[in-house]
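Take a look at the structure set out below.
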């Protein structure tokens, strides 16, 4: 029967300690690589205040009791046109974010039957869970790229949220608009800052 020498036992012990140290380093590295969980965003509530907007330095303020339901406008970014649509709707009881977003996609498909979905993802708008859709279609023979973002936002003083969707459409072949979708996302991130 073989009995390990003291040198074999010392060597085995040293190798075991080295392996233990290596595993400890791997565990520490894995812990360091794990990102800190982001805190849940706090939803910002819509308020029943007078609506208005700023246009080229002019501030157009509507009287109390008037509120936007639909805004359809054309912006100019880097000298190029960007179509922007914003809608706000009351929500019937039991309507979910997924159902309302699917209805918004269906409305887009009715306007543009050749609509092609590029990607759909979850996100947040003003601290509320939201869904975003990137899509492509042709306006005549011209390609168009768009993003639709929809969310259920709480309303101050009400138990029922409201549906809010924002959509932009650009000409993707225009180099002046290459960064527009990043700008659009930053604009949406700014909702929560107000």
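The values are calculated or read from the model by the stated rules, or taken from the named source; none is laboratory data. What you see is a predicted model, and the numbers here were worked out from it, not measured in a lab. No Cβ is skipped: glycine too gets one built from the backbone with ideal geometry, and neighbour counts run over all protein chains shown.
Structure above, values below:
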{"item": "Selection within the stretch 84-95 - within 25 Å of residue 187 (Cα to Cα) and either without any contact (Cβ under 8 Å) to a residue 12 or more places away in the chain or more than 19 Å from the chain's Cα centre (by Cα) (or both)", "result": "89, 90, 91"}
{"item": "Among residues of the stretch 153-178, those that are assigned to a loop (DSSP other than H, G, I, E, B) and more than 24 Å from residue 67 (Cα to Cα), counted", "result": "5"}
{"item": "Flag if residue 30 is farther than 27 Å from residue 150 by Cβ and at pLDDT below 80", "result": "yes"}
{"item": "Odd one out for residue 45 among (1) closer than 23 Å to residue 152 by Cβ; (2) at pLDDT 80 or above", "result": "(2)"}
{"item": "Hits in the stretch 83-94 (condition: under 11 Å from residue 162 (Cβ atoms) and surrounded by 13 or more Cβ atoms within 10 Å (Cβ to Cβ))", "result": "87, 88, 89, 91"}
{"item": "One residue from 76, 80 being surrounded by 13 or more Cβ atoms within 10 Å (Cβ to Cβ), in the same structural domain as residue 148 (by TED's automatic domain parsing), closer than 28 Å to residue 181 by Cβ and over 21 Å from the mean Cα position of the chain (by Cα)", "result": "80"}
{"item": "Condition met for residue 185 (within 14 Å of the chain's Cα centre (by Cα), assigned to a strand (DSSP E or B) and surrounded by fewer than 18 Cβ atoms within 10 Å (Cβ to Cβ))", "result": "no"}
{"item": "Residues that are over 14 Å from residue 124 (Cα atoms) and at pLDDT below 90, drawn from the stretch 147-166", "result": "155, 156, 157, 158, 159, 160, 161, 162"}
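Residue-wise test of (1) out of contact with any helix residue (DSSP H, G or I) (no Cβ under 9 Å at 6 or more places or on another chain); (2) farther than 22 Å from residue 105 by Cα; (3) surrounded by fewer than 20 Cβ atoms within 10 Å (Cβ to Cβ).
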residue	(1), (2), (3)
124	no, no, yes
134	no, no, yes
139	yes, no, yes
146	no, no, no
152	no, no, no
